[in-house]
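Notes follow the structure.
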Amino acid sequence: MNDFPAVPLLDHRPYDRIREFYLYQEPALLAAMRRGDRGEAMRLINHVLVHIYSAGEERSDLLKGLLLELVVMISRAAIEAGAMQSEVLGTNFKILTELAAIDDDEQLAAWLRKAFDHLFSTIQRQKNFTPPLLVGKALDYMRQNLHLEITRDETARHAGISPGHFSHLLKERTGRSFTALLRQCRVDLACELLLHTDETLAVIADRCGFCDQSYFTRVFRDVKGVTPGQFREQVGK
């Protein structure tokens, strides 16, 4: 039997209830913004708005307060996805000034759509800023998990983008596929361990995510032109 008191649903405090729902949806909305999925981002925003509109008499105040939070959060996602910070800040100043003068629900909804469309457009205009941020995040994840059997889809999810878009960004920014880049990262780590540790080739192969020493030697020779043992002997002198 559960002896803990029941948690109130806060029906008398709709702002707290709806804000909790909004915070629950925020990670998915941020992810949709980062991967450029306008439709999914708008669907999530509409989902939050439905709950705001269900708040009854207090919904006007709720709507303005939560729309401010939504715009701030969407702006952060836009910057993370590649939009120029100066442009986002300039946009926010303008649209927040407009918000102060609005007191009609339909105008508020139109205001949000306008703000969302403008912020999303800043992302699309700055596509060249997106790859370094997301690819860098993906590379950090790969380098920290080289000892594991990580996949392209898993790495893409960590970076907050679709697997297909991730492959496109890698090819565009590095000229390599995920498999080729992962192999290079593993060989790079192996070089560091060969030069700066006395660990055996079998241990290094395991730490770098190679299934066995034989496969490690074959891949290393393909990339570096020498075997791991030759590399350690020649470069380590």
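Laboratory data are not the source of any read-out in this text; all were calculated from the coordinates shown. The structure displayed is predicted, hence computed values, not measured ones. As a convention, Cβ positions derive from the backbone with ideal geometry for all residues, glycine included, and neighbour counts pool all protein chains shown.
Observations, loosely collected:
- Across the alpha-carbon atoms of the range 130-235, the computed radius of gyration and Dmax are 14.5, 43 angstrom.
- Which of R173, R143 has the fewest Cβ neighbours within 10 Å, and the rest in rising order: R143, R173
- Sorted peptide list for 192-205, 154-167, criterion being average Cβ within 10 angstrom, highest first: 154-167, 192-205
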